[in-house]
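To keep things clear, I will list the structure first and then write my remarks on it.
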Amino acid sequence: MSIQDELASTIENLVKPGQGILAADESHPTIAKRFAAVGVESSEDKRREYRSVILSAPGLGEFISGVILFEETLGQKSLEDVRIPQLLESQGIVPGIKVDKGKKPLINAPGDEITFGLDGLDDRLEIYKNAGARFAKWRDVFHISDTLPSRQAVEANAEVLARYAAICQSMGIVPIVEPEVLIDGEHSMDRCAEVSEAVLREVFHALARHGVQLEHMILKPSMVTPGKECPKATPEQVAEATIRVFRQVVPAAVPGINFLSGGQTPEEATLNLNAINNLGSQPWALSFSYGRALQEPAQKAWAGNLENGPAAQEAILKRARLNGAARSGSYSTDMEA
Ligand code: 5MM
């Protein structure tokens, strides 16, 4: 298969009605935080147990088209001794991989951060592809204040995101482009809209500069919301503000926009996606690529005890099904019961 055919086929499998992406790619410090919240100490065995349980939930492939894995999981076997990428494929799910190496302070830009991991990326991608990964993910992070993010941070992060995407496509791997505008802070929804627009505009300039084929990528952005310390906006307000910004800056050639949940509760993330899809038809498929909003209830149900595996599987399946409904605007809160 040619590289172009590989990219097109992966996109076709990832962007499907009623389906979205599960982000299960928490790095060691992040998964340790998630496990601590349910009283579990993170270890390689416990991470394998938990991820094996949720990824083998019967029927997951009905609502989940792709799973983003952390490097460790890509090389692990499930509790039934099946390689995790193979387990996903048996459910009709495309395996993906987080490839950024995290973030550090951006020098000479106090308060801003830069994502790193481009060095040796092509070599790592070859290994990941041989292990079964068909798409990748790279996350940039932008803090909001009256003065942040700086112009330097917006430009520097957009540049690395575009270089990552170009490298992925050259190797037949679909890039998920994730510019996360953080919800932390006291900013208004208007300020979030202003920053989101500036960030996305710069990201698409950089993608064009590096010849990234928009048809063969997925955008994973934050929704436009007020800061976490402010009163919440209604789902309809979030949907209108989000779509208003995206229509200004996201080209119609992008096949799918899969939102991150970014600290929204599971119910909020579903309600907001549902409201977004109720605004009528848009140029792109509008779906989810949630981490916490899909997994939180499953982590609580599991709580480090394998006997709770079926309850954890039921919990993740429920959120996947409800977000699958929100993907077409057909979710209602009655479905939570
Ligand atoms: C923003 O985080 C991504 C989406 O998850 P949420 O829906 O919970 O916001 C997520 O894919 C994230 O990039 C990974 O969990 C990896 O994060 P770390 O911080 O471990 O690199």
Task: region 283-337-region 36-106 distance, computed between alpha-carbon centres (Å) - done: 15
TODO: Please list the non-local residues whose amide H lies under 5 Å from the amide H of ILE114, H modeled 1.01 Å from N, same-chain partners needing a gap of 5 or more.
DONE: LYS104, LEU106
Open item on the list: Checking the cross-link filter: which lysines have an alpha carbon closer than 26 Å to that of LYS129, excluding same-chain neighbours under 8 positions apart?
Closed with: LYS16, LYS46, LYS77, LYS98, LYS101, LYS103, LYS137, LYS220
Open item on the list: Order these by the 10 Å Cβ neighbour count, fewest first: CYS230, CYS168.
Closed with: CYS230, CYS168
TODO: For GLN282 paired with GLN4, estimate the spin-label separation in nm (one decimal), with each label point 7 Å from Cα along the Cα-to-Cβ line.
DONE: 2.9
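Less than 14 Å Cβ to Cβ from LEU200, Lys/Arg counted +1 and Asp/Glu -1: what total charge do the surrounding residues give? Working shown, then result.
Numbers: positive: ARG201, LYS220, ARG244, ARG247; negative: ASP140, GLU155, GLU178, GLU180, GLU194, GLU197, GLU202.
So the surrounding residues net to -3.
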Open item on the list: Going by average Cβ density within 10 Å per residue, which order do the peptides 92-99, 209-216 take, highest to lowest?
Closed with: 92-99, 209-216
TODO: Would you mind putting 116-123, 69-76 in packing order, based on average other-beta-carbon counts within 10 Å, highest first?
DONE: 69-76, 116-123
TODO: Count the net charge of all other residues whose Cβ sits under 13 Å from the Cβ of ASP45, scoring Lys and Arg as +1 and Asp and Glu as -1.
DONE: +1
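For the residues VAL181, VAL195, VAL40, what sequence is obtained by ranking on other C-beta atoms within 10 Å, fewest first? Working shown, then result.
Details: VAL181 26, VAL195 23, VAL40 20.
If I rank by nearby Cβ atoms, fewest first, I get VAL40, VAL195, VAL181.
What ranking of ARG244, ARG327, ARG191 emerges when the number of other C-beta atoms within 10 Å of each C-beta is taken as an exposure proxy, fewest first?
On the way: ARG244 13, ARG327 25, ARG191 17.
Going from least to most buried by this count: ARG244, ARG191, ARG327.
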- [ ] With +1 on each Lys and Arg Cβ and -1 on each Asp and Glu Cβ, and nothing else charged, work out how big the dipole of region 33-188 is about its Cα centre, in Debye to the nearest 20.
- [x] 280
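Size of the dipole of region 115-239 about the Cα centre, Lys and Arg at +1 and Asp and Glu at -1 on the beta carbon, nothing else charged, in debye to 20? Write down the numbers at each step before the final one.
Values: 13 positive and 19 negative charges, 79 e Å.
So the dipole magnitude of region 115-239 works out to roughly 380 debye.
In µm²/s, what is D for region 208-294 at 10 °C and 1.306 mPa s, where D = kT/(6 pi eta Rh) by Stokes-Einstein and Rh is the Kirkwood radius from Cα pairs?
Estimated diffusion coefficient is 117 µm²/s.
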TODO: Calculate the all-directions average of the projected area of the chain's alpha-carbon convex hull, and give it in nm².
DONE: 15.8
TODO: Report the net charge of residues surrounding GLU178, where surrounding means a beta-carbon distance below 9 angstrom and charges are Lys +1, Arg +1, Asp -1, Glu -1.
DONE: 0
Open item on the list: How much length would be gained if the chain were fully extended between ASP81 and VAL38, taking 0.36 nm per residue of separation minus their Cα-Cα distance, in nm to one decimal?
Closed with: 12.9 nm
Open item on the list: Using the Cα centre of the chain as the reference point, and only Cβ charges (+1 on K/R, -1 on D/E), how large is the resulting charge dipole? Debye, rounded to the nearest 20.
Closed with: 180
Open item on the list: How far apart, in nanometres, would the label points at SER170 and ARG151 be if each is projected 7 angstrom from Cα along the Cα-to-Cβ direction?
Closed with: 3.0
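No value in this document is a laboratory result; all are computed from the given coordinates. If you're wondering where the values come from, they're calculated on a predicted model, not measured in any experiment. Neighbour counts are summed over all protein chains in view; Cβ atoms, including those assigned to glycine, are modelled from backbone coordinates with ideal geometry.
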